[in-house]
Amino acid sequence: AASERGGGGRAGFAGQVSASGEPSRAGGMVQQESAGAPGPAGAAAATATVRLSRRRWAVVLLFSSYSLCNAFQWIQYGSINNVFVRFYEVSAFAIDWLSMIYMVAYIPLLFPVAWLLDKRGLRLIALAGSALNALGAWVKLGSLKPYLFPITILGQAICALAQVFILGMPSHIASVWFSSHEVSTACSIAVFGNQLGIAVGFLVPPVLVPNVEDVEKLAYHISIMFFMTAGVATALFILVIIVFKEKPPHPPSRAQALVQSRPTEEYSYVQSILRLLRNANYLLLMISYGLNTGCFYALSTLLNRMVIHHYPGEEVNAGRIGLTIILSGMVGALISGIWLDRTKTYKQTTLVVYTMSLVGMIVYTFTLSLGHLWVVFVTAGMLGFFMTGYLPLGFEFAAELTYPESEGTSSGLLNVSAQIFGIAFTIGEGQIMDHFGTKAGNLFLCSFLFLGTIMTAFIKADLRRQQANLDNEQT
């Protein structure tokens with residue numbers, strides 16, 4: 001049977017799916033597929049026509065594209081923070097909130113949207129996410145005067161709402177549309193769109209919006225970026241209406257056939273959450289994951305301010321440094337996933353990568369002010385490789401520790417933890433940087449990464465999912 005692992009985060013992993021011979025899930029209930037499945041549901045699944053749809057690649061690429069657009073809108077202000085501070089005549093902290101609003105929106109809305117996805121299916125969620133993404137982009141076009149900052153806040157809030165409809169979908173798309181041999185590839189494509197969006201958000205705004213003195217010229221350059229974003233988001237929404245279907249005509253695997261043949265049953269998210277919160281190992285992981293990912297969110301949001309402080313006029317290179325962090329992190333995440341598939345050493349791998357994230361942050365902290373940009377590129381790349389590479393490890397480890405709970409619920413709680421710490425760290429480090437400098441702000445993050453490393457060391461490798469696989473094989 002195929003396994004679906006839901007969940008994710010903005011730093012790149014909204015969900016992971018693997019075909020590792022595990023039970024498949026529907027609505028949080030463990031569903032097992034076997035050749036001789038008992039009952040009418042098993043009989044229906046056994047006789048169902050299993051066939052792959054040609055549309056499946058268009059669906060996953062389209063999702064990846066509008067996820068990219070939404071992630072771009074998250075970081076487009078932060079990557080040129082100093083430019084928007086001068087244009088809107090507001091504080092740097094006010095611009096930081098344009099990034100943090102994504103984190104704030106996710107926390108209360110995660111479970112209502114997860115419930116809606118469970119009850120109404122993929123197409124409605126896809127339409128809502130892409131529509132809100134386009135609407136937010138068009139609203140921002142009404143904020144091209146310095147006194148219209150509240151309008152840009154409204155536009156960003158709408159985009160933040162769209163993000164809640166996007167982050168939980170990759171694993172669902174992969175399991176509904178793809179065979180057990182393709183789900184990992186499909187989910188990776190869906191997830192990488194979000195990562196590429198952040199990368200583009202670091203790279204493109206400094207190029208499109210140069211730091212010119214004339215406010216009218218600055219408004220013109222900003223309008224070009226906003227128009228391009230709105231045009232792309234609208235085109236993607238139209239494509240979603242045309243291309244995105246609820247599910248293929250035939251199930252892509254026997255496991256999915258079994259899921260579709262069974263009656264829908266009520267699933268209590270509350271009871272699942274309570275069980276997770278009584279799992280001591282999972283609680284340690286949830287907090288340590290939040291500390292690591294929260295540091296990444298704060299670093300991404302405040303990167304422009306850090307670099308400009310030490311290298312005035314280097315807005316474009318600040319964006320390129322952010323791009324380096326994301327791209328190296330994507331490589332790290334890919335290598336981490338391959339390593340886990342081969343070795344199953346969840347605890348050891350997670351601890352090593354977490355420790356190296358701490359080392360990378362310390363090195364970055366003490367080399368940022370040396371006056372050599374190439375050194376910053378190297379240290380930022382090393383930091384991104386481990387810090388972003390840690391993200392899929394957290395979800396994989398959580399799936400092992402919490403089996404047979406729904407991975408969508410366990411990864412959703414990891415994301416909530418990340419958003420809470422992300423808000424706290426962004427505010428805290430921003431204030432420390434304003435009063436004591438960038439080194440003090442980065443040491444603030446280092447201290448929490450050290451705490452997270454210690455907590456990770458205390459997690460017991462209670463690999464319940466692996467044990468279940470062994471039990472099934474023996475049976």
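The values are calculated or read from the model by the stated rules, or taken from the named source; none is laboratory data. Everything numeric in this text was worked out from a predicted model, so none of it was measured. Glycine also receives a Cβ, built like all others from the backbone with ideal geometry; neighbour counts cover every protein chain displayed. What goes into the accessible areas is simple: the full protein's heavy atoms, side chains included, and nothing from ligands, DNA or RNA. Shrake-Rupley method; radii C 1.70, N 1.55, O 1.52, S 1.80 Å.
Sequence-distant contacts, meaning Cα pairs under 8 Å at least 6 residues apart, place the relative contact order of the range 268-474 at 38 percent. Estimated at the nearest 10 Å², the accessible area of THR343 is 50 Å² with a 1.4 Å probe. Among the protein heavy atoms, those of LYS217 account for about 130 Å² of accessible surface (1.4 Å probe, every chain in place).
If a spin label sat at a point 7 angstrom from the Cα of ILE273 along the line to its beta carbon, the backbone N atoms of the range 410-442 nearer than 12 Å would be those of 410, 412-414, 416-417. With respect to the cross-link table entries LYS344/LYS460; LYS119/LYS347; LYS119/LYS247, which display a Cα-Cα separation exceeding 25 Å? Over 25 Å Cα-Cα: LYS119/LYS347. Across the range 53-253, the convex hull enclosing all Cα atoms gives 102 Å³ per residue.
Straight-distance candidates among the lysines for linking to LYS217, with alpha-carbon spacing under 18 Å and chain neighbours fewer than 8 residues away dropped: LYS140, LYS145.
Per residue, the range 94-229 exposes 36 Å² of solvent-accessible protein surface, assessed with a 1.4 angstrom probe and all protein chains in place. In terms of packing, defined here as the mean over residues of other Cβ atoms within 10 angstrom, the peptides 436-443, 356-363 line up highest first as 356-363, 436-443.
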